[in-house]
Amino acid sequence: MIFLSYSSSNIEEIKQLFTKVFSDSEGQSEGVLIGNLVYDLMTGTGVQDLYGFVAIENKKIIGSIFFTRLIFESEVNVFLLSPVAIHTSYQRQGIGQKLINFGIHHLKENGVGLVFTYGDLKFYSKVGFSLVTEKLAKAPLTLTYPEGWLGQSLVSDEIEPITGDSYCVEALNKPEYW
């Protein structure tokens, strides 16, 4: 298995991966929603605001993750991990963790100081994320599940409080994702 930055030549394959994975786990409407989100991220987000990575096995993309810029009023270099998809038949094999660690390593090498995500603490704690409160770092939109707001510092042992509001990329700037 190899891990690489995604290629624009794989946009449709990546969109289909997310659509299938989320349809399998959350239902067809959620699959379509997340597939469209990923397409919008890949086609409508500037290259300076987007990192995408894939896991490839037998020349087929079996996993993909995206990090997008999260802007705070204070000048910190922050990215948001979302979404993540591993093909259903490859789940529970540690591929998602390896792919996330690969992506985080790449971000760290490129000067990113903090990474946030919005998801399941039980899963994301395996790759270094911990619960953060909105007093520590405000999410860009109202969180449906505040216990899912997670973060990690790539430069120190803990996250220092970040003042002011945060803003996500346009594709994620919709309440249904939060």
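The values are calculated or read from the model by the stated rules, or taken from the named source; none is laboratory data. Here the structure is a predicted model, which means the values were calculated and not measured. Here the Cβ is made from the backbone with ideal geometry for all residues, glycine too, and neighbour counts use every protein chain on show.
Quick notes on this structure:
- Within region 136-175, the set of residues being assigned to a helix (DSSP H, G or I) and either under 14 Å from the mean Cα position of the chain (by Cα) or at positive phi (or both) comprises G148, A171, L172.
- Complete set of residues in region 1-33 that are in a helix (DSSP H, G or I), small (G, A, S) and either surrounded by 16 or more Cβ atoms within 10 Å (Cβ to Cβ) or touching a residue at least 40 places away in the same chain (Cβ under 8 Å) (or both): S23, S25, G31
One line per residue, one yes/no per condition, for (1) over 16 Å from G119 (Cβ atoms); (2) in contact (Cβ under 8 Å) with a residue 12 or more places away in the chain; (3) outside any helix (DSSP H, G or I):
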residue: F66; (1), (2), (3): no, yes, yes
residue: I71; (1), (2), (3): yes, yes, yes
residue: V76; (1), (2), (3): yes, yes, yes
residue: P83; (1), (2), (3): no, yes, yes
residue: Q93; (1), (2), (3): yes, no, yes
residue: G96; (1), (2), (3): no, yes, no
residue: L99; (1), (2), (3): no, yes, no
residue: F102; (1), (2), (3): yes, yes, no
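- Any hit, region 116-135, residues being surrounded by fewer than 13 Cβ atoms within 10 Å (Cβ to Cβ), charged (D, E, K, R) and either assigned to a loop (DSSP other than H, G, I, E, B) or touching an Asp or Glu at 6+ places or on another chain (Cβ under 7 Å) (or both): yes
- Pairs with Cβ under 6 Å, 6+ apart, first in region 147-174 and under 15 Å from R69 (Cβ atoms), second in a strand (DSSP E or B): G151/F116; I162/F72; S166/L70; S166/F72; Y167/I71; C168/L70; V169/T68
- When residues in region 66-109 are screened for being at pLDDT 95 or above, farther than 18 Å from T19 by Cβ and β-branched (V, I, T), 6 of them pass.
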